[in-house]
């Protein structure tokens, strides 16, 4: 009998994170200070010491602390699953595998970095962390990570997601976090935005600004971020390292790897260990980044220096951006409503090492329902973006007769996203076109930086 799940033992959990930076052809563009616009490290008052060191490290592998590994064992290694029922339903000769991060206690990949960041802050003597969250997956993960490490946690949850996904808020509060809708009345940034627009639906850029302000104004608090920056992508590489071992045990190697991108941490965590061989010319694997048509940073943005947040408090990074003042439409994939993208992914996309495609919300849920009815997993809207492209690529294989191997980075389950599924199933799901005029206006406000 052929295996459906490829399961690793706890002894096979990676003991080191893989850092792509030494293997890049040229160094990444520098971070710029939000005020001086000169090259800078991560703002020292905001981040843990180890986070700053890892952000710029040129070490190819970085040891995972034993205390972090002990927590990882609650859910790692995660399974690699052959989607045989989906293949049969599609009638495709393609082999579809998915690396499923929804088995973590928080329900997504986010816990891989949340535990690490909480640990490093604990080592620095920090008592409290402030963060933002879109759909609530990151907030949930950090709430639990802080609980494991004995820290307090304050979460600024994007307003529209706060109301769309109340059970994620309850999950965070169950794990001890304080959660407020963003924009909130708890910060100067939030109060200013509410005064200007009382019905503002919020965005990740606004929530980041509030969390950064919170950390900067409390002596016992530091900031923690769930995506985009280098050290977060680093922590997620446990996913790809496990997947490489599992694909080898399956006797196959992916012709393409597909994943959703908002900030980019989950998908980068999957493909970075594989892409090392592509950069060395040993493999020609296609890497396909999937984003929402309503917030298409890679496919419609400019590769420019921009603030990581709306208020301009965070460092300026070179990335594909829609403009830090851009307000994305309220799609259900709250984790993909970010105006920018991880600098590492942008660097690779600019050099055509990875691809990108934008998809509409309605076909995303059509694919999600098909996946649920064949594989049994109700997927998060974020992961469902990637599922839609996997199905599309598998159907192309059906037409051509090619027996390609497709690997899906499945970031987490959608058990708290059933309102979105209800809207789809009852025909009430709203689709959103590319907001061209809003993007064009936002791109007028990119910061001027030295040449």
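Derivation of every value follows stated rules applied to the coordinates shown; laboratory data play no part. Just so it is clear, the structure is predicted and the values come from calculations on it, not from any experiment. Heads up, the Cβs are rebuilt from the backbone with ideal geometry, glycines too, and the neighbour counts pull from every protein chain shown.
Miscellaneous remarks
- Between the helical axis of 111-123 and the longest alpha-carbon principal axis of the chain there is an angle of about 40 degrees.
- Calculated on the alpha-carbon coordinates, the convex hull of the range 190-293 measures out at 139 cubic angstrom per residue.
- Axis of helix 230-250 versus longest Cα principal axis of the chain: the two differ by about 10°, to the nearest ten degrees.
- Put in order of Cβ neighbour count within 10 Å, fewest first, the listed residues 15, 400 become 400, 15.
- Relative contact order, whole percent, for the range 124-210 stands at 31, derived from Cα pairs under 8 Å and 6 or more residues apart.
- Here the contact order of the chain, divided by its residue count and restricted to Cα pairs under 8 Å and six or more residues apart, works out to 20 percent.
- For the chain, the share of DSSP beta bridges that are antiparallel, to the nearest 5, is 35%.
- Sorting the segments 94-104, 217-227, 351-361, 333-343 by their mean number of nearby beta carbons within 10 angstrom, highest to lowest, gives 333-343, 94-104, 217-227, 351-361.
- Entry for semi-axes √(5λ) of the Cα gyration tensor in Å (calculated from the structure that is shown) out of (i) 31, 24, 22; (ii) 47, 25, 18; (iii) 40, 27, 21: (i)
- Ordering of 143-151, 423-431 by burial proxy (mean other Cβ atoms within 10 Å per residue, highest first): 143-151, 423-431
- Sorted by Cβ density within 10 Å, fewest first, the residues 416, 61: 61, 416
- A simple packing score, the average count of other Cβ atoms within 10 Å per residue, orders the peptides 433-440, 235-242 as 235-242, 433-440, with the highest score first.
- Look at the alpha carbon pairs under 8 Å that are at least 6 residues apart: their mean separation over the length of the range 299-401 gives a relative contact order of 19 percent.
- Helix 265-279 vs. the chain, principal-axis angle (Cα, 0 to 90°, nearest 10): 60 degrees
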